[in-house]
1. From largest accessible area down, sort His290, His379; use a 1.4 Å probe on the protein chains.
2. State whether segment 354-486 is rounded, prolate or oblate according to the following rule on the C-alpha gyration tensor (a ≥ b ≥ c being the square roots of its eigenvalues): a/c under 1.5 gives rounded; otherwise a/b larger than b/c gives prolate, and the remaining case gives oblate.
3. Would you work out the relative contact order for the chain, in percent, from Cα pairs under 8 angstrom that are 6 or more residues apart?
4. If the reach is capped at under 18 angstrom between alpha carbons, list the aspartates and glutamates near Lys178, excluding any in the same chain fewer than eight residues apart.
5. Excluding ligands, DNA and RNA, what is the solvent-accessible area per residue of the chain at a probe of 1.4 Å, expressed in Å²?
6. If Asp204, Asp98, Asp173 are ordered by their accessible area, calculated over protein heavy atoms with a 1.4 Å probe, which sequence runs from highest to lowest?
7. Please list, ordered by chain and number, the residues whose modelled amide H lies under 5 Å from the amide H of Tyr207; skip anything fewer than 5 residues away on the same chain.
8. Can you sort Tyr67, Tyr410, Tyr475 by solvent-accessible area, 1.4 Å probe, largest first?
Amino acid sequence: MKNKKIISSALALLTVFALASCGNNDIGGNGSGSNRPNVGDNGTINVMLLDTGIGTDFLNEVADDFYNETGITVRVNSDSLIDEDLKNSMTLEDGVDDDIYMSGLTYNWIDWVNADTIEDLTDLCNEEYDDGSTINGKIAPAIRDLGKIGDHRFIIQFTYCPTGFVYNQDMLDDLYEKGVAESNVFPTEWDKLVKLAKDVSAADYKYNGSKTYGIVWGATDEDPMDTYKTLWAQGDYSKYREYFVQEEELDVNLFVNDENRKALEALYDLFAPVNGVSSTSVPRMLTTSHTDGYNSFLRGDALMCFAGGWFESEVKENISEDTFNYRFAPVPALGGNEICVNVNYPTEYFFIPKCSKNVEKAKRFLKFMFREENLVKMHNAVQTPLAFDYDTSSLKLTDWGKEVQSVMKYKQTVSGSTSLYYLTGGLRPEITGNVFQKIYNGQVARDNLASLLRTDFDNKSGGNWEDTKGLVVKYEEKFRSKGLIK
């Protein structure tokens, strides 16, 4: 594991090298400005955070308060690559070292339940607080049943980030004054968004001395896919939800229909491919990382980028007092649909490995973490909603945090279900076949987009679906023998 303190004096030089090469080090509770002592009166637990997106500082104050109340030190470590390690190590009986982990692995936790390496948190999550509430009861209704096998909970979701577009308000004001944009208010209708992106890209407009485009994308298919999911859910949310609960046989009509097709056409219009490249997007950025896209946006290369509530936390090192006024907006409504906000789910979640030597202390800390007052503290730290119902009236939000919170007034949509067919990966919403790269590069005609959806159905059905059904049968037998399902 990364970020472990080496205490042998004979290894001092190696320690210096390791600390210089590891990114974030919160060792013994003294990192990131924390005043926690190295050793608590009643022991120590180790928490390993996934160092991405929302950052890692949000636990500092909560951990300090927990120590003051219990005498248990919470040593917070972080690793941007911890998920890669967990994929393999959590399938082993004693494969990990820490007591609590935060992970972003969407589907892997069910494999850990199957391997009997993840702690059952059901009793903890049903245990009442002083006000009679429980962790299970606090989790946001839209995702309350996710993270469970039957009635047994194994993971506790953390963030509840809305997704949408981050845009440069200062640039939009300037574009309006110069007659490039029709308004300095960000569009709430998809057609107007497309027109704005095209107008900015076609204009001989430079911001900070460089050619400016309507939008910049990153993360290959991930950012366009999240946009597509939002537009798909706008069209017919009940049909959208039906996709994730399919069992036994797949329904081609849930893969290929008017709502899906119109959503793809909307992305095609925004990409506006000409001569093999998107005419509205910063060139050669789609296949980079999402943070590369964010930094391109911060340089003024584009009016907007696709992101979520985590944006400010993820790029805070590149934001200063001189940074332009960036704002957040939901994906605009397509063709008269209702605006909805796609919540980035599955989200980061916490779990306890069964091999932890401090299971009860770890459970005690998780319960403390999700107290009402601590949810507010952590929300203030990350400036994006958490996956719980709690009173937000006392939040101390930045301008960015207020923008993010304000979009939660719209209808919220999530992908996923409790179905084992979904949890084993057979019903992932991502369209197979690099479809957005093909659209971005103009490799498919607009009137032939339905063929991409049909190909996705073909890829997920047939032998692949038979494999999924076989895996579901195997897991059902295992979970039934463990008493998790009937």
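1. Working: His290 55, His379 0 Å².
Greatest to least solvent exposure: His290, His379.
2. On the way: a/c = 3.12, a/b = 1.26, b/c = 2.48.
Since a/c reaches 1.5 but b/c is at least a/b, the shape of segment 354-486 is classed as oblate.
3. 22
4. Asp170, Asp199, Asp204, Asp301
5. Values: 20470 Å² over 486 residues.
Roughly 42 Å² per residue, with all protein chains present.
6. Numbers: Asp204 145, Asp98 0, Asp173 45 Å².
Final ranking, largest accessible area leading: Asp204, Asp173, Asp98.
7. Here the answer is Thr212, since their amide H atoms fall under 5 Å of that of Tyr207.
8. Greatest to least solvent exposure: Tyr410, Tyr67, Tyr475.
The values are calculated or read from the model by the stated rules, or taken from the named source; none is laboratory data. Computed from a predicted structure; not experimentally measured. When we count neighbours, we look across all protein chains shown, and the Cβ atoms used for this are built from the backbone with ideal geometry, even at glycine. These accessible areas exclude ligands, DNA and RNA; they are computed on the full protein's heavy atoms, side chains included. Shrake-Rupley method; radii C 1.70, N 1.55, O 1.52, S 1.80 Å.
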